[in-house]
Amino acid sequence: MPGMDWFGDEERREVNEVLETGCLFRYNHDALRQGRWKAREFEAEVRRFTGAPFAHAVSSGSTAVAAAMAASGLGFGDEVIVPPFTYIATIEGVLLGGGLPVFAEVDDNLCLTAESIEKALTPNTKAVMLVHMCGAAADMDAILALCARRNLVLVEDAGQALGAFYKGRSVGLFGVAGAYSFDFFKIATAGEGGVCVTHREDVYHLLHQFSDHGHDHIGDNRGMEQHPILGTNFRLSELHAAVGLVQMRRIDQVRDRKRSAKQALKDRLRAEVPGLGFRPMPDAEGDSGTFLNLFLPDAASASRAAAELGSRGAGVNYWYTNMYHFINQWDHLKNLRSPFKMAIHHLGAPQDYNALELPQSQHSIGRLISLGVRANWTEAQIDELGATLVDVLRKYC
Ligand SMILES: Cc1ncc(COP(=O)(O)O)c(C=O)c1O
């Protein structure tokens with residue numbers, strides 16, 4: 001799945017341009033940088049591809065989530081609905097911002113649903129942190145209608161879903177603010193990096209100010225800039241931005257290749273493995289193609305199939321037992337272990353995380369295996385992988 005599938009001279013050239021000027025910092029130093037603004041160009045590429053009116057690059061997907069929370073006005077004591085299936089960064093972003101995570105169910109689309117969000121609402125619910133998991137969108141029409149009806153702030157963690165669209169609109173652009181990750185494992189990488197997007201100019205200003213100690217970024221005298229708000233340092237370096245911008249220039253081709261490799265595998269599995277389930281996406285046309293998500297009849301067969309595929313050189317993610325992606329393994333969260341007291345320690349958790357029952361999520365994620373789809377597979381490799389998948393999965397379906 002990662003952007004590293006396709007990496008080369010263009011990245012080297014852009015990084016070298018930064019090194020030639022010696023201006024590794026994204027702001028100011030207008031004379032030194034000789035017109036080279038890699039973070040700005042990176043943001044422009046993200047705007048082009050997603051259609052976002054505003055984009056702001058930060059140091060990681062995790063800081064993008066934290067900045068999106070902050071710029072959406074979410075903080076101390078705010079209850080935020082979150083999924084139990086995501087990368088732990090989503091939950092950490094809510095907690096570190098002073099929020100109180102409330103877990104709601106995901107279904108076979110691997111995301112929260114309008115129905116599950118509604119069931120989890122309390123009189124104190126302020127927001128939904130919607131995660132578009134494994135490369136495709138949540139069911140946006142229903143979720144948007146619910147958020148409007150119940151006056152909920154919608155923030156999107158699209159950390160794994162850059163390249164996914166819902167009815168023509170990029171994920172990340174449905175709520176107040178959205179976050180993408182550009183870490184090493186994503187469809188496009190900056191080495192480390194993230195980008196926040198929004199429709200709202202006021203939110204955009206909060207995003208870039210909050211991510212740089214409140215600087216208003218006006219003029220070329222950094223020490224004399226105004227600081228309308230407090231913030232922190234989530235800045236991206238020009239070196240990372242140089243890599244990210246090249247990766248964004250070719251994301252359309254990377255996504256097309258992933259989609260066609262995924263389609264070939266899916267067609268074959270549908271024809272040759274009766275009983276195998278596929279992710280029911282609300283808009284399959286908008287799938288980014290980064291993961292082929294398959295459902296086995298039960299958790300035991302999914303676990304065994306994942307192990308056998310791994311031993312046959314066709315490794316898949318079995319998220320159910322992965323330490324970072326599913327709530328069953330988050331004992332540090334359940335016991336609120338952190339080096340300092342967060343809002344949740346003072347205010348108490350809104351749910352008993354140790355006693356939480358999420359049967360639908362257990363059912364969905366227990367049966368799920370996800371194959372990361374690569375952009376650089378040859379037809380022969382897709383053929384060989386398809387044969388292995390068919391051979392193994394038939395035994396377990
Ligand atoms: C859904 C989701 N959110 C946030 C992140 C955090 O991104 P990063 O690793 O760039 O901090 C990830 C990373 O895998 C993710 O999958």
(message) Name the single residue that is surrounded by the fewest Cβ atoms within 10 Å (Cβ to Cβ) among those in the stretch 83-112 being under 17 Å from ASN322 (Cβ atoms) and among the aliphatic types (A, V, I, L, M).
(response) ILE88
(request) Look at GLU17 and say whether it is in a helix (DSSP H, G or I), touching a Lys or Arg at 6+ places or on another chain (Cβ under 7 Å) and away from the ligand (no atom under 16 Å from the Cβ). (result) yes
(request) Could you identify the single residue in ARG235, ARG249, ARG257 that is touching a Ser or Thr at 6+ places or on another chain (Cβ under 8 Å) and of a type outside the set (Ser, Thr, Tyr)? (result) ARG235
(request) May I ask you to say which residue of MET140, MET133 is more than 17 Å from LEU236 (Cβ to Cβ) and within 12 Å of the ligand (Cβ to nearest atom)? (result) MET133
(request) Kindly indicate whether any position in the stretch 323-340 is over 17 Å from VAL82 (Cα atoms) and in contact with a strand residue (DSSP E or B) (Cβ under 9 Å, 6 or more places away or on another chain). (result) no
(message) Any residue in the stretch 76-93 that is closer than 17 Å to GLN351 by Cα sitting within a Cβ distance under 7 Å of a residue that is of a type in the set (D, E, K, R) and more than 9 Å from the ligand (Cβ to nearest atom)? List the pairs, counting only those 6 or more apart or interchain.
(response) ASP78/LYS126; GLU79/LYS126; VAL80/LYS126
(message) Kindly evaluate LEU146 against the criterion of being assigned by TED's automatic domain parsing to the domain that holds ALA242 and over 19 Å from the mean Cα position of the chain (by Cα).
(response) yes
(request) Answer with yes or no whether ARG36 is surrounded by 15 or more Cβ atoms within 10 Å (Cβ to Cβ), on the phi < 0 side of the Ramachandran plot, modelled with pLDDT of 95 or more and touching an Asp or Glu at 6+ places or on another chain (Cβ under 7 Å). (result) yes
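A quick yes/no check of all residues on (1) outside the structural domain of PRO84 (by TED's automatic domain parsing); (2) surrounded by fewer than 24 Cβ atoms within 10 Å (Cβ to Cβ); (3) modelled with pLDDT under 95; (4) in contact with a helix residue (DSSP H, G or I) (Cβ under 6 Å, 6 or more places away or on another chain):
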| residue | (1), (2), (3), (4) |
| --- | --- |
| LEU173 | no, yes, no, no |
| ALA179 | no, no, no, yes |
| ALA188 | no, no, no, yes |
| GLY194 | no, no, no, yes |
| VAL203 | no, yes, no, yes |
| HIS215 | no, yes, no, no |
| ASP220 | no, yes, yes, no |
| GLY244 | no, no, no, yes |
(message) With the requirement that a residue be under 21 Å from the mean Cα position of the chain (by Cα), of a type in the set (Gly, Ala, Ser) and in a loop (DSSP other than H, G, I, E, B), what does the stretch 223-243 give you?
(response) SER237
(request) Tally the residues that are surrounded by fewer than 24 Cβ atoms within 10 Å (Cβ to Cβ) and not in a strand (DSSP E or B), restricting the search to the stretch 118-135. (result) 7
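To keep it simple, each residue is scored yes or no on (1) in a helix (DSSP H, G or I); (2) under 28 Å from VAL195 (Cβ atoms); (3) not basic (Lys, Arg).
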{"position": "LEU245", "(1), (2), (3)": "yes, yes, yes"}
{"position": "ASP256", "(1), (2), (3)": "yes, yes, yes"}
{"position": "ALA264", "(1), (2), (3)": "yes, no, yes"}
{"position": "ASP267", "(1), (2), (3)": "yes, no, yes"}
{"position": "ARG270", "(1), (2), (3)": "yes, no, no"}
{"position": "GLU285", "(1), (2), (3)": "yes, yes, yes"}
(request) Give the stretch 39-74 a look and list any residue that's away from the ligand (no atom under 12 Å from the Cβ), surrounded by fewer than 21 Cβ atoms within 10 Å (Cβ to Cβ) and small (Gly, Ala, Ser), or say none. (result) ALA44, GLY51, GLY73
(message) Take the residues in the stretch 270-296 that are crowded, with 18+ Cβ neighbours inside 10 Å and aromatic (Phe, Trp, Tyr); name whichever of them is nearest to GLY366 (Cα to Cα).
(response) PHE295
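The values are calculated or read from the model by the stated rules, or taken from the named source; none is laboratory data. Computed from a predicted model, the values in this text were never measured in an experiment. In this analysis, Cβ positions are derived from the backbone assuming ideal geometry, glycine residues included, and neighbour counts consider all displayed protein chains.
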